[in-house]
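The values are calculated or read from the model by the stated rules, or taken from the named source; none is laboratory data. Predicted model only: the values in this text are computed from it and were never measured. Cβ atoms come from the backbone with ideal geometry, glycine included; neighbour counts cover every protein chain shown.
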Amino acid sequence: MLSTPALNYNLLAPILIVLGGALLGVLVEGFVARAYRARLQIIIALLTVATAFGWVISIRAAVSQTAAIDSVSTDAAGTFLQGTILVLAFVALLFFTQNDHFAPQASALPGSSEEKEATLSGVQMTEIYPLVLFAISGMLLFPVAHDLITLFVALEVLSIPLYIITGLARRRRLLSQEAALKYFLLGAYSSAFFLFGGAFLYGFSGSLSLGTIRTAAQTPGANHIFLFLGLIFVSVGLLFKVGAVPFHSWTPDVYQGAPTPVTGFMAACTKVAAFGAMFRIFVVAFGAIQSDWRPVFVAIATVTMAGGAIAAISQRDVKRTLAYSSITHAGFLLSGVIALSQIGLTSMLFYLVAYGFATIGAFGIVTLVRDSTGEVNDLNRWAGLAKKSPLVATAFSLFLLSFGGVPLTAGFIAKFSIFTAAYDSGNIAIVVVGVLSSAIALFFYLRVILIMFFKEPTDETVTVAVPSFMVSAGIGICFIATLVLGVYPDLVFNLLRLPTLLVP
Amino acid sequence: MNLLTLTILLPLVGVLALAIAPRENTKNIKLIALGSSVITLISSLLMLTKYKFGVQGFQLVSSHSWFKVFNINYAVGIDGLALVLILLTTVLVPIVVVGGWNEAENGRWSVKTFYILILVLETFMVAVFAATDVFLFYVIFEAMLVPVYFLIGGFGRGDRGAAALKFLLYSLFGGLLMLAAVIGIFVISVHQGHASFDVTQLSHLKISHNTQDWLFLGFFIAFAIKAPLFPFHTWLPAAARSATPGTSILVLGVLDKVGTYGMIRFCLALFPEATKTFAPYIIVLALISIIYGAFLAIGQKDLNSLIAFTSISHFGFIVLGIFALTSQGITGASLYMVNHGFSTAALFLVGGWMIERRNSTQVADFGGLQRITPVMAWSFFIAGLSALALPGLSSFVSEFLVLLGTFTRYPAAAVVGTLGIILAALYVLILVQRALHGPLQEGNEDTPDLNLREKIAIAPVIVALVVLGFYPKPAIHTINPMTSQVLSQVHVSDPTPLAGK
C-alpha cells in the first residue's frame, strides 16, 4: 500500500497563507468592481502578510524541523529570515498605497492614445498586489529550501512577478519597460545557470538534497570536477540575484526603471531571501570544500564592495546612487557568508534587517520628492530640500548615515559585526578593503546630505508631497527601527542567541 | 545614579527642554542652554569631592551590559587625565554659550537648533573622555562628528558646506581605520579566551609585534587626523575659517584633544611595543608640526586660520611630549591639553568679537584697536601671550615640562622644539602689532569695547590661564598617577639625567 508522506503543513503555513492571499487577490481582480479593488487589495495584502508573520512567530519554537519530505528545513535562521521578509514586505507595501506609481494599463503602448485614455480615467493596475504576494511566497520558500528543485522553484516564483512589476511604472514607461526586459532576460539566463549547476550537482552526488551533496563531497577519492562545475553555475545564479560584481550590471537600470515602491521592496526583500538561501547552500552543501571556493568569493566580495562604491561616486540620479550602494552592501554581506561561522550568520542576519529598513525607508522618501511631472530623481534638484521639509531631509540623512555605518545607527552595528566575523575567520583583506570602500561610500552619502542641507534651494527645487498616513507610518517604522537597532542591537541579536541556527 | 553618568546625561536634559521650548523666543532658548551647561558644570565639579587624588586607575566607575553578543558594555570611569579634560569641557561650554551669545542668529537654521547641537556635543565630549570600553569610545568618537558637521555647515561663514564636508570626511576616514583596529584587538581577545572591549583587560593581551604595529597605526592615524598632526592637518584651517567662534573653541579646545587623549589612553597603553617602534618617527612628525604650523601662522592674513595654525604647532608639542615617553613629557603634554584649551578659547573668543565688530577676518583690518578698545585689546594680548608660553601664564609650565621631558630622551628633538617657542613669539607679536597697534584703520573709530556679557565670558578664561600658570600643582598632582601608570604599561622608565655624565 502506498502511504502519503507527512508534509508538516504547520511549518509550511506561512508560505501557504501568502500564496492563498495571492490567489484571493486574483479572484478579487476578476469579481470585484474596479472602484473597490484598490482598497480591497491593499487590505488583503497587508492582512495576509501580517497573518503569515504571526504564524512564523508561532512556529519559532518548532525550530530545526524539516517539512515536505526534507525539502524544507525550518530552523531558527530560516524562521528569522521569513520573519524579516514579512516585516520588510509589510512596510514596503505601505508605500504601494500612493495611487500614482503604477501604470493604468500595462498593455497599452507608451505614448498611445489608449494609454492616454487609461491615464485620464484615473485608474491604476491593482494586479500588482497579488503579484507582490506571489513574489513574497517565493521569497519565504527560498531561504528555507533544502533541495535544489525546491530552491529553483522558489527562485522562479520570486523572480517572475518581479520582472512583471518592474515594467509597471506609471511615468517614464519606456525606461520602465526596458528595465523589465533587461531584468527578465538576464534573470532568465541566471536561472538557467542555476538549473545547469543543479544538474551537475545531481550528476555528482546522485541527489538533489543539500545534505547528500555534502556527504558526497566529503567522500574521499570522489572526482570533484562535477561538484566544482555545479558550484560555479549555482553561484552564478545566486550572485546574480544578490547583485554582486561582475553580475551586477542589471541593478542600476532595474532600480531606476522600476516604480519606486517596487524598487524598495525588491532591493530589501530579494536580498534577504537570496542571502539566506546562499548561506544555507554554502554551509550545508559546500561547507566541506570551503578552502576551494573561499578565495574566489573573497575576490568577488572585495571587488563588489569597491566596485559599487567607486561607481556610485559619479551618479547624479538618486535611484542609481542607491542601486550602486546596494551593490556595495552586497559585498559586505558576502563577507558574512564567507566567514561561514555562527557569528558570520548572526551578523549577516542583523545586517539584512538593518539594510532592509534603511533601504525601504530611503526609497519611500524618494517617492515623496516630486515636481509637477512626478518623482524627481536628479540629485541636483534636491538642493535645499532641508529648508522645504526638514523632517524628510532628516529621515533621509539618517538612512544614508546608516548605509554609511555611522555609529548610533543600525548600519554601524551591522558593519561592525560583519567585519568582526570576517576578521575572526581570518579574512583580514576583506576588512581592509571593506573599510576603504566604506570611506569611499561615505563620500557620496555625505554629498547627498550636503546637497539637501547646505545648498541653497534653486528655482528648480522640488516639492515634497504631503505623505498619507500609510506612507508616514512606513517611513516612521524604518526611521525608528534604524535608530533603535543602532542604540540597542540586542533586540535582534537576542533572537539569534541559540546554539544552532541552521540545520545542517 | 553614578555622578559621572549624571554629568554625561545632564546636557541631554537641556536638549529635551530646548526641544519643547518655542523657537521664536531666542532669549529663553539661550538661557535654557546656559542653565543646562552650568548645571552640568556643577555636577562635574561635584565629582571632585568623590574623586580620590593621587590614586592610579579608574574611579567613579559604572558598567552596564549594552550589547551582549560582543560583550560590549556601557562602561565609564575617570582617571586624572579624563577628569581634567572633562572639567575643561564643562567649563568651556557655558563660556561658549555666554561668549557667543549672538553667533547663532545668522545661521541657516534656528537658534534652537544651534544650542541643541551644542548640548548634544557636550554630552558626547564628556562621554568620550569617560568611556573605558573601547567600543563605546569608538561609537562616541564617531557620533560626535555629526553635531559638529551641522554646527560648521549650518552656522558658519564662507564656504561652510565644503569645510564641514572636509572635516567630516577626514574624521570618518580615520575613524574607519580605527574601526578595523578595534575589531582586530577584539578578535585577538576572543582568541585569547576572553572576549572583551574593556581597556584595562585589553592592555593585558599578548599581541605579536607585527600585529601590534598594524593595530597601532589604525588607532594612531585616526588620532593624528583628529589632533591634528602634520601631514593630517589640512582639514583644520578650513574648518576654523568657516566655523563660528564657539564651534571653533569646542573643536580645537576639546574635540581635538580626543586625538591626543586617545594616543595616551589607547596607543600607548594597548600597544607598548609598537609605541616604542614608532615613537622616533612620530617625534619627527611632531617637530615638523611645531615648525611648519608656526611658519604658516606667521604668514596668515586671516585671523581664524592664524589661530588654527598656531594650534597645529601646539599640538606638535603635545604629541612630542607624549611620545618622548618620559614622566615629565606625558604629564606636560596632558597639562598642555588643558592649557591649550583655555588659551585657544581666549583667542577665539576675543578674535570672534573683533571679527563680529569689524565684520572682517583680515588681521590688517583691525589696526589701532588698542586705543579705541583697551579691554578687548588687552584680553587679546594676554591670550596671545599665553599662546607664546610666556612664563607666568599656564602654557609656559606645560611647554617647559614637555621640552624637559623630551630633552632627557631626545636632546636634539628638544632643541628643535625650542625653535617653536621663538617662532611662537614671532607670530603672536606680529599679530598683536598688526591687529592692535599701529595707525588706526579707517572704520575702526567707533568700535565699541567689550560689554559686560563679554567681560563675564572672558574673565574665567584669563583667571584660569593665570592660576594654572602660577599654581599648576593641583593639576599636575591629578595627572601624575595616570602618567606613571601609562609608563609602567609601556615598560619604560625615565632616562637617568644627563647631568654628571
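Each residue in region B:184-213 was checked for being in contact with a Leu (Cβ under 8 Å, 6 or more places away or on another chain), part of a helix (DSSP H, G or I) and more than 14 Å from chain A (Cβ to nearest Cβ), and 2 pass. Scanning region A:255-284 for residues that are among the hydrophobic types (A, V, I, L, M, F, W, C) and within 14 Å of A:Ser325 (Cα to Cα) turns up A:Ala267, A:Ala268.
Condition check ((1) among the hydroxyl-bearing types (Ser, Thr, Tyr); (2) assigned to a helix (DSSP H, G or I); (3) within 30 Å of B:Asp365 (Cα to Cα)) across all residues:
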| site | (1), (2), (3) |
| --- | --- |
| B:Ala239 | no, yes, yes |
| B:Ser248 | yes, yes, yes |
| B:Val254 | no, yes, yes |
| B:Phe266 | no, yes, no |
| B:Tyr281 | yes, yes, no |
| B:Leu287 | no, yes, no |
| B:Ile290 | no, yes, yes |
| B:Ala297 | no, yes, yes |
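Residues considered: A:Ala38, A:Ala77, A:Ala6. Of these, the only one that is within 23 Å of A:Ile360 (Cβ to Cβ), modelled with pLDDT under 90 and out of contact with any helix residue (DSSP H, G or I) (no Cβ under 7 Å at 6 or more places or on another chain) is A:Ala38.
One residue stands out among those in region A:376-404 that are more than 13 Å from every other protein chain (Cβ to nearest Cβ) and among the polar types (S, T, N, Q): the one that is surrounded by the fewest Cβ atoms within 10 Å (Cβ to Cβ), which is A:Asn380.
Here is a yes/no grid of residues against (1) surrounded by fewer than 17 Cβ atoms within 10 Å (Cβ to Cβ); (2) not charged (D, E, K, R):
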| site | (1), (2) |
| --- | --- |
| A:Ala441 | no, yes |
| A:Leu446 | no, yes |
| A:Ile451 | no, yes |
| A:Glu456 | yes, no |
| A:Val462 | no, yes |
| A:Val466 | yes, yes |
| A:Val471 | no, yes |
| A:Val484 | yes, yes |
| A:Thr500 | yes, yes |
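Within region A:173-209, the set of residues being among the charged types (D, E, K, R) and surrounded by fewer than 19 Cβ atoms within 10 Å (Cβ to Cβ) comprises A:Glu178, A:Lys182. Scanning region B:358-380 for residues that are closer than 15 Å to B:Val461 by Cα and surrounded by fewer than 20 Cβ atoms within 10 Å (Cβ to Cβ) gives B:Val375, B:Trp378. Of the residues that make up region B:83-103, is at least one of a type in the set (D, E, K, R), in contact with a helix residue (DSSP H, G or I) (Cβ under 9 Å, 6 or more places away or on another chain) and in a helix (DSSP H, G or I)? No, that holds for no residue.
Of the residues making up region A:455-481, those that are within 14 Å of another protein chain (Cβ to nearest Cβ) and in contact with a helix residue (DSSP H, G or I) (Cβ under 8 Å, 6 or more places away or on another chain) are A:Lys455, A:Pro457.
Where helices (runs of 4 or more DSSP H) fall entirely within region A:203-260, those with at least 2 residues that are closer than 30 Å to A:Ala180 by Cα are at A:225-242, A:250-257.
Looking across region B:140-150, the residues that are within 12 Å of chain A (Cβ to nearest Cβ), in contact with a Phe, Trp or Tyr (Cβ under 8 Å, 6 or more places away or on another chain) and assigned to a helix (DSSP H, G or I) come down to B:Ile140, B:Glu142, B:Ala143, B:Leu145, B:Pro147, B:Tyr149, B:Phe150. When region A:363-375 is filtered for residues that are of a type outside the set (Val, Ile, Thr) and either surrounded by fewer than 16 Cβ atoms within 10 Å (Cβ to Cβ) or over 22 Å from the mean Cα position of the chain (by Cα) (or both), the ones remaining, listed by number, are A:Arg370, A:Asp371, A:Ser372, A:Gly374, A:Glu375.
Given the condition within 26 Å of B:Ile458 (Cα to Cα) and in contact with a Leu (Cβ under 7 Å, 6 or more places away or on another chain), answer yes or no: does some residue in region B:126-138 qualify? Among the residues of region B:126-138, at least one is within 26 Å of B:Ile458 (Cα to Cα) and in contact with a Leu (Cβ under 7 Å, 6 or more places away or on another chain), which makes the answer yes. For A:Tyr423, are the conditions met, namely being more than 25 Å from the chain's Cα centre (by Cα) and crowded, with 19+ Cβ neighbours inside 10 Å? So A:Tyr423 passes the test.
Residues in region B:19-33 that are closer than 16 Å to B:Val97 by Cα, in contact (Cβ under 8 Å) with a residue 24 or more places away in the chain and either basic (Lys, Arg) or part of a loop (DSSP other than H, G, I, E, B) (or both): B:Lys30 only.
Do you know which residues across region A:112-144 are in contact with a strand residue (DSSP E or B) (Cβ under 6 Å, 6 or more places away or on another chain) and either modelled with pLDDT under 90 or within 27 Å of A:Phe279 (Cα to Cα) (or both)? Hits for region A:112-144 are A:Gln124, A:Met125, A:Val144.
Taken over region A:414-440, the residue count meeting the criterion of being touching a Gly at 6+ places or on another chain (Cβ under 6 Å) and more than 7 Å from chain B (Cβ to nearest Cβ) is 3.
Okay, residues lined up against (1) outside any helix (DSSP H, G or I); (2) at pLDDT 90 or above; (3) polar (S, T, N, Q):
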site	(1), (2), (3)
B:Ala425	no, no, no
B:Val428	no, no, no
B:Gln441	yes, no, yes
B:Asp449	yes, no, no
B:Ala464	no, yes, no
B:His477	no, no, no
B:Pro481	no, no, no
B:Leu487	no, no, no
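Do we find that B:Ala412 is of a type in the set (Gly, Ala, Ser) and under 23 Å from B:Trp353 (Cβ atoms) in this structure? Criteria not met by B:Ala412. Sub-8 Å Cβ pairs linking a first residue in region B:356-368 that is in contact (Cβ under 8 Å) with a residue 24 or more places away in the chain and in a strand (DSSP E or B) to a second residue that is of a type in the set (Lys, Arg) and exposed (fewer than 15 other Cβ atoms within 10 Å of the Cβ), at least 6 apart or interchain, are B:Gln362/B:Lys301, ordered by first then second residue. Check A:Ala52, A:Ala35, A:Ala45, A:Ala76 and return the single one that is of a type in the set (A, V, I, L, M), over 16 Å from A:Ser137 (Cα atoms) and buried (at least 19 other Cβ atoms within 10 Å of the Cβ). Exactly one residue qualifies, and that residue is A:Ala76.
Just checking, which of B:Phe129, B:Phe137 is surrounded by 24 or more Cβ atoms within 10 Å (Cβ to Cβ), part of a helix (DSSP H, G or I) and away from chain A (no Cβ under 13 Å)? Of the residues listed, the single one that is surrounded by 24 or more Cβ atoms within 10 Å (Cβ to Cβ), part of a helix (DSSP H, G or I) and away from chain A (no Cβ under 13 Å) is B:Phe129. Please find, within region B:41-61, the residue that is nearest to B:Ser196 (Cα to Cα) out of those that are of a type in the set (Gly, Ala, Ser) and surrounded by fewer than 17 Cβ atoms within 10 Å (Cβ to Cβ). The residue in question is B:Gly57.
The residues of region B:163-181 that are farther than 15 Å from B:Asp256 by Cβ and at the interface with chain A (Cβ under 8 Å from one of its Cβ atoms), listed by number, are B:Ala164, B:Leu165, B:Leu169, B:Leu172, B:Phe173, B:Leu176, B:Leu177, B:Leu179, B:Ala180.
Scanning region B:48-106 for residues that are within 14 Å of chain A (Cβ to nearest Cβ), within 21 Å of B:Thr123 (Cα to Cα) and either of a type in the set (A, V, I, L, M, F, W, C) or under 23 Å from the mean Cα position of the chain (by Cα) (or both) yields B:Trp66, B:Phe67, B:Ile72.
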